[in-house]
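Q: This is the structure, below, for whatever I ask next.
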């Protein structure tokens, strides 16, 4: 009896000892993991020695191994980098980044088949993670595979949102600028809805391409898309670039070809002189209205007596001293003389000098080409007209309504001016 009791007591003690040992091991492992994670975090804050300390606590810590491997690559020590990266991959096979570092090392050693295999695996592991996709883009770029590089960069730009644009839009534009590499963008231009950064890139390209032909090529690629038609914004940016390069004829023809059937009825030397359409502020050859915020200036269309059509233009002022230049339309008039006519109705329009219509040259040359009398006071509808003389070197013009005067007080305007039935006719 006493023997069985003694054996039972010894068994319980052994179990307790085993539990204590297991608990100690688990506690040590938890402590090791937590402390190694802590020192890896310290390394992110700039303490490079912390990576070695992290490995002292956990010699298989995948992040510490991968970071040390990447550091060895930067220090051009490939022999030291490879075992660290292999150990990092063994500890965490799901992390694509050390695999990409190894792929780059293999490629540098002309072991391209091994490098390509690792790159392919890395892409399967992290198909949308922007840092991994950026590494893939850099890898395939070094391998001179522009098509793959651009596709991975496109994915990285989606995941990285706006952070990568400043660095990589110029490289994407370089690919678009060269005929032999431009085709790499076709998957993007065919369905830009998959790439939310596309409009920002197109805006960057329209503003920064050295040759307008690059922008034209991008527009051609977009127009070939059967999935996502060229947007009004893209069209507007392209016309703006053509105008910037003073390709006014090309800009005008492209703008006209983009008008719908309803808008074609308003086409002439002046577009929509009766102000029947909503003002959309495009860069083309239609009305732009851009009064400053909190200026007290309102530019709208409305119904009033004595008008042609359904609406007329209404420009209202609150009495603030603001030089008014905020209603205009770009024109495309060939060399010659034209007559601009229209109707106005000032409604309690208080101003020292008043408002007037004026045409200036804004492409190829500069200077005023003609202007109306000034409008102020109160009255019924009245007709006005003035001549416009366009010289041969003036390839583009702008019509604007503006306040007249050289002193600040001249631009203190209160009241309303109604405008209707503007038209331009060629005289000779």
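The values are calculated or read from the model by the stated rules, or taken from the named source; none is laboratory data. Only a predicted model underlies this, so the values are computations on that prediction, with no experimental measurement involved. Glycine also receives a Cβ, built like all others from the backbone with ideal geometry; neighbour counts cover every protein chain displayed.
Q: Restricting attention to the stretch 406-428, which residues are over 21 Å from residue 268 (Cα atoms) and surrounded by 12 or more Cβ atoms within 10 Å (Cβ to Cβ)?
A: Filtering the stretch 406-428 for residues over 21 Å from residue 268 (Cα atoms) gives 406-418.
Within the stretch 406-428, 410, 411, 412, 413, 414, 415, 416, 417, 418 meet the criteria.
Q: Same structure, new question: Under 8 Å between Cβ atoms, at least 6 apart or on separate chains: pull out the pairs that start in the stretch 415-428 with a residue that is at negative phi and assigned to a loop (DSSP other than H, G, I, E, B) and end on any residue that is buried (at least 18 other Cβ atoms within 10 Å of the Cβ) and modelled with pLDDT of 95 or more.
A: Close Cβ pairs satisfying both conditions: 427/338.
Q: Is it the case that some residue within the stretch 192-202 is in a helix (DSSP H, G or I) and closer than 30 Å to residue 300 by Cβ?
A: Just the residues of the stretch 192-202 that are in a helix (DSSP H, G or I), to begin with: 192-194, 198-202.
If we keep only those that are closer than 30 Å to residue 300 by Cβ too, we end up with 199.
For the stretch 192-202, residues in a helix (DSSP H, G or I) and closer than 30 Å to residue 300 by Cβ: present.
Q: Which one of these is touching a helix residue (DSSP H, G or I) at 6+ places or on another chain (Cβ under 6 Å), surrounded by 14 or more Cβ atoms within 10 Å (Cβ to Cβ) and at pLDDT 95 or above: 270, 237? It would help to see each step written out before you state the result.
A: Working: 270 fails: touching a helix residue (DSSP H, G or I) at 6+ places or on another chain (Cβ under 6 Å).
None of the other options fit; the residue is 237.
Q: What are the pairs, 6+ residues apart or on separate chains, where a residue within the stretch 278-294 that is in contact (Cβ under 8 Å) with a residue 40 or more places away in the chain has its Cβ under 6 Å from a residue that is in a loop (DSSP other than H, G, I, E, B) and surrounded by fewer than 19 Cβ atoms within 10 Å (Cβ to Cβ)?
A: Once the first residue is in contact (Cβ under 8 Å) with a residue 40 or more places away in the chain and sits in the stretch 278-294, its partners that are in a loop (DSSP other than H, G, I, E, B) and surrounded by fewer than 19 Cβ atoms within 10 Å (Cβ to Cβ) give 287/279; 288/281.
Q: Could you please give the count of residues in the stretch 130-147 that are closer than 16 Å to residue 103 by Cβ and surrounded by fewer than 19 Cβ atoms within 10 Å (Cβ to Cβ)? Give the derivation first.
A: In the first step, residues of the stretch 130-147 are kept if they are closer than 16 Å to residue 103 by Cβ; the result is 131-145.
Adding the requirement that they be surrounded by fewer than 19 Cβ atoms within 10 Å (Cβ to Cβ) leaves 131, 138, 141-145.
Count: 7.
Q: Please pick out the residue among 255, 287 that is closer than 17 Å to residue 329 by Cα and in contact with a helix residue (DSSP H, G or I) (Cβ under 8 Å, 6 or more places away or on another chain).
A: Numbers: 287 fails: in contact with a helix residue (DSSP H, G or I) (Cβ under 8 Å, 6 or more places away or on another chain).
Every option except 255 fails the conditions.
Q: Tell me the strands (runs of 3 or more DSSP E) entirely within the stretch 292-392 that contain at least 2 residues that are under 38 Å from the mean Cα position of the chain (by Cα) and buried (at least 16 other Cβ atoms within 10 Å of the Cβ). Even if it seems obvious, please write down each step before you answer.
A: Working: elements: 298-302, 312-321, 327-331, 336-350, 355-363, 367-371, 382-390.
Because the criterion is at least 2 residues that are under 38 Å from the mean Cα position of the chain (by Cα) and buried (at least 16 other Cβ atoms within 10 Å of the Cβ), the strands (runs of 3 or more DSSP E) in the stretch 292-392 that meet it are 298-302, 312-321, 327-331, 355-363.
Q: For the condition modelled with pLDDT under 90 and more than 30 Å from residue 197 (Cα to Cα), what is the one hit in 103, 108, 122?
A: On the way: 103 fails: more than 30 Å from residue 197 (Cα to Cα); 122 fails: more than 30 Å from residue 197 (Cα to Cα).
Answer to the selection: 108.
Q: Let me spell it out: the conditions are (1) under 30 Å from residue 251 (Cα atoms); (2) in contact (Cβ under 8 Å) with a residue 24 or more places away in the chain; (3) in contact with a strand residue (DSSP E or B) (Cβ under 7 Å, 6 or more places away or on another chain), and residue 393 meets all of them except one. Which number is the exception?
A: (3)
Q: Under 7 Å between Cβ atoms, at least 6 apart or on separate chains: pull out the pairs that start in the stretch 244-260 with a residue that is surrounded by fewer than 19 Cβ atoms within 10 Å (Cβ to Cβ) and end on any residue that is modelled with pLDDT under 95.
A: Pairs that qualify, where the first residue is surrounded by fewer than 19 Cβ atoms within 10 Å (Cβ to Cβ) and the partner is modelled with pLDDT under 95, are 246/363; 246/364.
Q: In the stretch 149-181, which residues are more than 14 Å from the chain's Cα centre (by Cα) and surrounded by fewer than 19 Cβ atoms within 10 Å (Cβ to Cβ)?
A: 159, 171, 174, 177, 178, 179, 180, 181
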